[in-house]
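Novice: Okay, here's the structure, questions in a sec.
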Amino acid sequence: MTGLARASSVRMGLLLAFFVALWTVYASLTQLNLDGFGDMLENYSWGIAWEQGYYKHPPLFAWITAAWFAVFPNVDWAYYLLSAVNGAALMFASWRIAVRFLDPWRAFLATALFFFLPPVTFLAIKYNANSAMLPFWAATVWFYLRFLEKRRLTDAVILGALAAASMLIKYFSAALLGAICLHVLFDREARSLLLKPGVWVASLVFIALTTPHLIWLFRNDFLPLTYVSEQGDGSALIGVTSTPRFLAALLAYLLPAVLVLLIAILRNGRGPWFDAGPFFALRETLAGRALLWTGFGALALTLLLGIVFTVQFSSVWALPLYFSAPIFLILLVKPGRLEAQKPAIPAAVVLYGACLLALSPLIYAQEAQNTSHYNDVPVRALAGEIENAWNARYDTPLAYVAGDKILASGTTFYAASRPYSMQANSYALTPWITPEDVAVKGMAIACFDGQKGCLARAAELSGVGADTQDLTVPGFGGERRWTVRVFFVPPDGFGT
């Protein structure tokens with residue numbers, strides 16, 4: 001490794017370490033719960049079952065969560081660390097893409113701009129199917145470029161594995177893989193690869209790795225696809241009508257990075273700001289065209305597929321689309337306009353991080369006022385009380401829990417016994433729990449006070465005359481008290 005390459009690697013390592021530290025600490029200081037929707041708790045409750053699929057999504061991001069917590073303790077900061085490492089992995093893969101089109105310093109600056117992209121920071125604090133795609137999309141494109149450059153079978157194998165991983169996180173990855181396929185078909189240089197074994201090796205690896213999930217899909221009536229189709233208001237035009245809002249969100253998320261870039265340009269003296277020549281020069285090389293296809297082609301396919309399948313666009317779908325956005329932004333800046341005052345963007349990164357940490361008490365206070373969804377529910381405390389109530393009755397560990405989503409999956413994550421949680425109070429959606437299992441090991445079913453649908457289902461699952469207990473826990477700051485009713489299905493050998 002040359003001295004320049006070594007210095008560039010060290011510089012990038014420091015940037016990534018700062019990113020991981022900043023967003024782990026920031027999230028730990030500002031969030032009341034892991035996330036207001038309970039998705040992160042749900043990830044874990046799925047992952048520890050190690051199924052080939054779940055009723056909402058493919059399995060990989062849940063497996064990653066389960067594997068992570070096989071090493072780390074089940075505490076909030078460790079989950080935020082996973083989210084931050086996930087974002088840093090995206091940045092690393094994007095940097096490896098950037099060095100193909102930018103000089104080392106500008107490639108570093110492009111990577112630094114991710115600090116100012118909400119899809120990689122604030123939105124990606126919540127580790128779920130959308131944020132989990134971030135590094136896999138970037139890594140798939142990185143190894144596609146490597147394969148185009150060197151035509152090596154090892155790169156083809158890794159490309160196929162990364163493409164499969166992307167699809168096994170969320171089917172939305174079809175937009176990226178479709179863009180790659182279209183590039184191979186329509187680019188004359190790339191099309192010649194169809195006569196080589198590499199493309200077919202990558203395809204076989206992809207098929208081999210996704211086949212178990214495909215079998216699961218057939219056996220389970222394509223549950224995740226049904227779940228996706230049920231999102232939105234059912235209108236045939238929902239894809240068309242939600243497109244403008246989706247595109248507006250895409251542009252809005254870019255604004256902080258653009259603002260930082262403009263400030264850096266101003267700090268570097270006078271003269272023309274932009275030069276579109278390097279950006280348009282991408283069309284002249286095979287790698288450049290591949291980057292354009294995967295960047296803009298994936299966006300175009302996202303819009304097309306959403307409109308065709310009448311799916312309501314959500315702004316969080318935009319997260320993985322930004323893997324190449326900083327590269328395109330830097331390519332548009334005139335050469336020399338970022339080199340006179342090199343510390344401008346790195347200094348902005350450090351200042352931004354310091355401001356976030358300094359403001360974290362105020363942000364936490366603001367979060368405490370947010371009562372939407374499950375944001376202000378004291379999930380950890382409630383999970384502890386549910387497990388304590390079980391342990392006070394029975395001398396066997398709590399094995400299964402059902403009821404409200406946040407209470408069930410929260411108990412799975414926080415309780416020492418790590419019980420499996422029933423999904424949507426349905427045995428059909430939770431094949432890793434059977435009525436026979438519950439008859440032997442028992443189950444706790446927890447619902448919030450006044451939650452009529454959940455309480456009715458809990459009574460049905462627990463049976464007539466089930467033992468119940470109301471638990472009351474103070475909320476954050478003690479301003480509200482949360483009451484939960486727990487229904488107990490006793491383990492075999494214990495009377496009701």
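The values are calculated or read from the model by the stated rules, or taken from the named source; none is laboratory data. Every value quoted in this text rests on a predicted model; they were computed, and no experiment measured them. Here the Cβ positions follow ideal geometry from the backbone for every residue, glycine too, while neighbour counts run over all protein chains shown. The protein model used for the area step is the full one, side chains on, heavy atoms only, and it has no ligands, DNA or RNA in it. Shrake-Rupley method; radii C 1.70, N 1.55, O 1.52, S 1.80 Å.
Novice: Considering every residue within region 125-144, establish whether at least one is farther than 29 Å from Ala78 by Cα and either surrounded by fewer than 21 Cβ atoms within 10 Å (Cβ to Cβ) or among the acidic types (Asp, Glu) (or both).
Specialist: Looking for residues that are farther than 29 Å from Ala78 by Cα and either surrounded by fewer than 21 Cβ atoms within 10 Å (Cβ to Cβ) or among the acidic types (Asp, Glu) (or both), one finds none in region 125-144, hence no.
Novice: Condition first: open to solvent by 10 Å² or more (accessible area, probe 1.4 Å) and either in contact with a strand residue (DSSP E or B) (Cβ under 6 Å, 6 or more places away or on another chain) or assigned to a helix (DSSP H, G or I) (or both). Now tell me which residues in region 67-81 satisfy that.
Specialist: Ala67, Trp68, Phe69, Asp76, Trp77, Leu81 - these are the residues of region 67-81 that are open to solvent by 10 Å² or more (accessible area, probe 1.4 Å) and either in contact with a strand residue (DSSP E or B) (Cβ under 6 Å, 6 or more places away or on another chain) or assigned to a helix (DSSP H, G or I) (or both).
Novice: Continuing with the same structure: Select from region 249-273 the residues that are modelled with pLDDT under 90 and open to solvent by 50 Å² or more (accessible area, probe 1.4 Å) and list them in ascending order.
Specialist: Leu266, Arg267, Arg270, Pro272, Trp273, listed by residue number.
Novice: Give the residue that is nearest to Ser28 (Cα to Cα), with candidates limited to residues of region 111-124 that are aromatic (Phe, Trp, Tyr) and either touching a helix residue (DSSP H, G or I) at 6+ places or on another chain (Cβ under 7 Å) or open to solvent by less than 10 Å² (accessible area, probe 1.4 Å) (or both).
Specialist: So the residue we want is Phe115.
Novice: If Thr154 satisfies every condition in (1) at pLDDT 95 or above; (2) surrounded by fewer than 24 Cβ atoms within 10 Å (Cβ to Cβ); (3) in contact with a helix residue (DSSP H, G or I) (Cβ under 7 Å, 6 or more places away or on another chain) but one, which is the exception?
Specialist: Just one mismatch for Thr154, condition (3).
Novice: Name the pairs: first residue in region 200-225 and more than 21 Å from Tyr55 (Cβ to Cβ), second residue in a helix (DSSP H, G or I) and open to solvent by 30 Å² or more (accessible area, probe 1.4 Å), Cβ to Cβ under 6 Å, at least 6 apart or on different chains?
Specialist: Sorted first by the residue in region 200-225, then by its partner, the pairs are Val201/Leu153; Val205/Val157; Val205/Ala161.
Novice: When the residues of region 440-455 are filtered to those that are over 31 Å from the mean Cα position of the chain (by Cα) and more than 17 Å from Thr483 (Cβ to Cβ), which remaining residue is surrounded by the fewest Cβ atoms within 10 Å (Cβ to Cβ)?
Specialist: This residue is Val440.
Novice: What is the residue count in region 429-439 for residues that are more than 26 Å from the chain's Cα centre (by Cα) and surrounded by fewer than 20 Cβ atoms within 10 Å (Cβ to Cβ)?
Specialist: Of the residues in region 429-439, 5 are more than 26 Å from the chain's Cα centre (by Cα) and surrounded by fewer than 20 Cβ atoms within 10 Å (Cβ to Cβ).
Novice: If you go through region 75-97, how many residues are β-branched (Val, Ile, Thr) and under 15 Å from the mean Cα position of the chain (by Cα)?
Specialist: Residues flagged as β-branched (Val, Ile, Thr) and under 15 Å from the mean Cα position of the chain (by Cα) within region 75-97 amount to 1.
Novice: Within region 355-377, restricting attention to residues that are among the polar types (S, T, N, Q) and open to solvent by less than 60 Å² (accessible area, probe 1.4 Å), which residue is modelled with the highest pLDDT?
Specialist: Ser360
Novice: Related question: Do we have any residue at all in region 377-392 that's in contact (Cβ under 8 Å) with a residue 60 or more places away in the chain, closer than 24 Å to Trp482 by Cβ and of a type in the set (Phe, Trp, Tyr)?
Specialist: Yes, because at least one residue in region 377-392 is in contact (Cβ under 8 Å) with a residue 60 or more places away in the chain, closer than 24 Å to Trp482 by Cβ and of a type in the set (Phe, Trp, Tyr).
Novice: Quick one: is Arg96 open to solvent by 10 Å² or more (accessible area, probe 1.4 Å), more than 20 Å from Phe61 (Cα to Cα), touching a strand residue (DSSP E or B) at 6+ places or on another chain (Cβ under 9 Å) and not acidic (Asp, Glu)?
Specialist: Taking the combined requirement at face value, the residue does not satisfy it.
Novice: Here's another thing I want to ask about it. Assess whether Phe172 counts as being aromatic (Phe, Trp, Tyr) and within 19 Å of Lys56 (Cα to Cα).
Specialist: Judged against the criteria, Phe172 is a match.
Novice: Further question on the same structure: Considering every residue within region 50-57, establish whether at least one is in a loop (DSSP other than H, G, I, E, B), touching a Lys or Arg at 6+ places or on another chain (Cβ under 7 Å), farther than 24 Å from Ala381 by Cβ and open to solvent by 10 Å² or more (accessible area, probe 1.4 Å).
Specialist: yes
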